[in-house]
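Peer 1: One structure coming up, written as structure tokens, with questions to follow.
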Amino acid sequence: MSGIGALRLILGDQLSAGLSALADLDPVRDVVLLAEVAAECRYVPHHPQKIVLVLSAMRHFSAELAARGIRVRHVRLDDPANTGSLGGELARAVRELSPARVVVTEPGEWRLAQEMAGWQAALGLPVEIRPDDRFLCSLAFFRRWAAGRRQLRMEFFYREMRRRTGLLMEGADPAGGRWNFDAENRKPLPPGLVPPRPLRFPPDAVVREVMALVAARFPDHFGSLDGFGWPVTRAQALAALEDFIRHRLPFFGDYQDAMAQGEETLFHSLLSTSLNIGLLLPREVCAAAEAAWRAGHAPLPAVEGFIRQILGWREYVRGIYWLHMPRYAELNALGADRPLPGFYWGAPTSMACLRAVVRQTRDMAYAHHIQRLMVTGNFALLAGIAPREINAWYLAVYADAIEWVELPNTHGMAIFADGGIMASKPYAASGAYIHRMSDYCRGCAHDVKAAVGPRACPFNFLYWDFIARHRDQLAANPRMAMPLRTLARMDPARVAAMRAQAARFLDSLR
Ligand code: FAD
Ligand code: SF4
């Protein structure tokens, strides 16, 4: 039987018109396959908003391709013939369409890359896996940059990327004469400053249909569907970008690290979901921010801080992930082995900061960077939560979570399980940090100033217990010299009391 030309498989995070798997597409002979499959919705219990985001965006993307005259085979989650897995749907399409070859773009997760590598043999026809060229840094360039370096520090990678892309450059020099304006970017939110609300998108008919499906199919997944407002089309994502550039970018730098009750999004962009599923490209987002600075609309420290997140951090964590997988996921430098406490899934806790961030995560499938790093991440680090458990949590609960970006951030930056491949020291902090950067401590059952006693803030005794527990390992790190010196100077009876309270607290976690 003579079949079609190429079968082009598009994954749920590959919704970009310029995707490499769609280059040289023949609209007459080729078919584009998109498959909504249960296995991808369930391999961790993804937040319902994340599943709705991806499936709705896939449906819109299919409709947009079809409107351009492209032949699309879109398999719905509730299609009775659906096999439930990507490999199964690809094999079924191959059986029914007899393509000459299959074309895909490399995926964002190691487990899928492994699966893809076996498709050619399993299907008995050519499977071409193309590089994902939507990123600003190719994996080949990252490997070359990393080769021979003892340490892979983001800051040096970022400078190289500024030079390569010309973003925020004036000739050979960085705009404003400095590469990094971070020192100006560490302010708490002052009283009376109300951040503008980000643009949200009320569910359209497609989204509403998917919401009903997801509510019925995944009722046991942690997270609320109410208030879903993520962009699910390119047009919406572009509107969200413009809204950010216009209203929040000018203040982005100043309050990047701030946390405030009732102000979940502050001046953040909320663009990670659109970037990660391909509705926006990193280059156009950085270019829009740079244009706002050049037009005098946003100050350089804000724009540099924002561009650094995308051109620097986002590209860097992707490079780290693919450079070190699969070994990376197995690292456990601090020997952490405690089960994840129930309050991460919404069980009651007396700690107001954790309660607020987990509640927000349940309601929005979103928390900004400092909430992820310094509240839920810091607790997991200090308490010694097993890397596998905390990684699975981050991968499940955030709408923007895809393993290439989630794993290095969690494993490397938050819990130091990689032993310093990413971060030059553990991001461990006592309650004082949370107190300085947020208003969570006001009204908390604990006293942020106390490190022992019935009302002591757990972040305090856990912090000193962490430093004491890992004293020998941390001694080799010059950046940990100060806390180690402070610990050495402390009254041994006080250290013993804090450690005993930490042990009782950790034993009580369920
Ligand atoms: P903004 O603060 O507006 O930043 C702008 C953009 O920069 C983001 O949209 C994002 O694309 C990029 N960015 C910023 N910081 C990082 C970073 N550290 N790594 C990669 N990109 C970055 N980001 C994800 O996209 N997916 C994840 O699964 C994810 N998991 C994380 C887990 C932990 C423990 C930590 C500490 C961070 C994680 N991050 C993750 C990074 C960061 O928290 C989110 O990108 C950011 O909060 C998304 O919100 P935003 O779009 O409002 O970001
Ligand atoms: Fe969190 Fe401690 Fe502040 Fe309570 S007192 S909100 S536990 S940092």
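The values are calculated or read from the model by the stated rules, or taken from the named source; none is laboratory data. Nothing here was measured: the structure is a model prediction, and the numbers come from that model. Here the Cβ is made from the backbone with ideal geometry for all residues, glycine too, and neighbour counts use every protein chain on show.
Peer 1: Could you tell me whether Ala488 is closer than 30 Å to Ser424 by Cβ, away from ligand 2 (no atom under 16 Å from the Cβ), in a helix (DSSP H, G or I) and under 32 Å from the mean Cα position of the chain (by Cα)?
Peer 2: On the way: closer than 30 Å to Ser424 by Cβ: yes; away from ligand 2 (no atom under 16 Å from the Cβ): yes; in a helix (DSSP H, G or I): yes; under 32 Å from the mean Cα position of the chain (by Cα): no.
Against the criterion (closer than 30 Å to Ser424 by Cβ, away from ligand 2 (no atom under 16 Å from the Cβ), in a helix (DSSP H, G or I) and under 32 Å from the mean Cα position of the chain (by Cα)), Ala488 does not qualify.
Peer 1: How do the helices (runs of 4 or more DSSP H) wholly within region 333-444 filter down when requiring 3 or more residues that are assigned by TED's automatic domain parsing to the domain that holds Gly278: which remain? Talk me through it step by step, then tell me what you get.
Peer 2: Details: elements: 352-364, 378-383, 387-397, 403-407, 431-437.
Fully inside region 333-444 and qualifying: nothing.
Peer 1: I'd like to know if region 322-342 contains one or more residues that are closer than 30 Å to Gly420 by Cα and within 13 Å of ligand 1 (Cβ to nearest atom). Break it down into steps so the answer makes sense when it comes.
Peer 2: At the first step, the residues of region 322-342 found to be closer than 30 Å to Gly420 by Cα are 322-342.
Narrowing further to those that are within 13 Å of ligand 1 (Cβ to nearest atom): none.
Taking every residue of region 322-342 in turn, none turns out to be closer than 30 Å to Gly420 by Cα and within 13 Å of ligand 1 (Cβ to nearest atom).
Peer 1: All but one of (1) over 17 Å from Asn460 (Cβ atoms); (2) within 11 Å of ligand 2 (Cβ to nearest atom) hold for His435; state the number of the condition that does not hold.
Peer 2: In the conditions (1) over 17 Å from Asn460 (Cβ atoms); (2) within 11 Å of ligand 2 (Cβ to nearest atom), His435 misses (1) alone.
Peer 1: Run Ala417 past the list (1) touching a Gly at 6+ places or on another chain (Cβ under 9 Å); (2) surrounded by 14 or more Cβ atoms within 10 Å (Cβ to Cβ) and report the number of the one that doesn't hold.
Peer 2: Here Ala417 clears every test but (1).
Peer 1: Then there is this: Might you let me know whether region 43-57 holds any residue that is under 14 Å from Leu90 (Cβ atoms) and at pLDDT 95 or above? If you could, list the steps in order and put the result at the bottom.
Peer 2: In the first step, residues of region 43-57 are kept if they are under 14 Å from Leu90 (Cβ atoms); the result is none.
No, region 43-57 contains no residue that is under 14 Å from Leu90 (Cβ atoms) and at pLDDT 95 or above.
Peer 1: Being assigned to a helix (DSSP H, G or I), within 14 Å of Pro198 (Cα to Cα), among the aliphatic types (A, V, I, L, M) and within 10 Å of ligand 1 (Cβ to nearest atom), is that true of even one residue in region 249-272?
Peer 2: yes
Peer 1: Give the residues of region 163-177 that are closer than 13 Å to Val303 by Cα and in contact (Cβ under 8 Å) with a residue 12 or more places away in the chain, sorted by residue number. If you could, list the steps in order and put the result at the bottom.
Peer 2: Restricting attention to region 163-177, the residues satisfying the condition of being closer than 13 Å to Val303 by Cα are 167-169, 174-176.
If the condition is that a residue be closer than 13 Å to Val303 by Cα and in contact (Cβ under 8 Å) with a residue 12 or more places away in the chain, then Leu167, Leu168, Pro174, Ala175, Gly176 are the ones that fit.
Peer 1: Are any residues in region 449-493 in contact with a strand residue (DSSP E or B) (Cβ under 8 Å, 6 or more places away or on another chain), surrounded by fewer than 20 Cβ atoms within 10 Å (Cβ to Cβ) and hydrophobic (A, V, I, L, M, F, W, C), and if so, which ones?
Peer 2: Within region 449-493, Ala450 is the sole residue that qualifies.
Table: residues versus (1) basic (Lys, Arg); (2) loosely packed, with under 15 Cβ neighbours inside 10 Å; (3) touching a Pro at 6+ places or on another chain (Cβ under 8 Å).
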site: Arg144; (1), (2), (3): yes, yes, no
site: Glu155; (1), (2), (3): no, yes, no
site: Tyr158; (1), (2), (3): no, no, no
site: Met169; (1), (2), (3): no, yes, no
site: Ala183; (1), (2), (3): no, yes, no
site: Pro195; (1), (2), (3): no, no, no
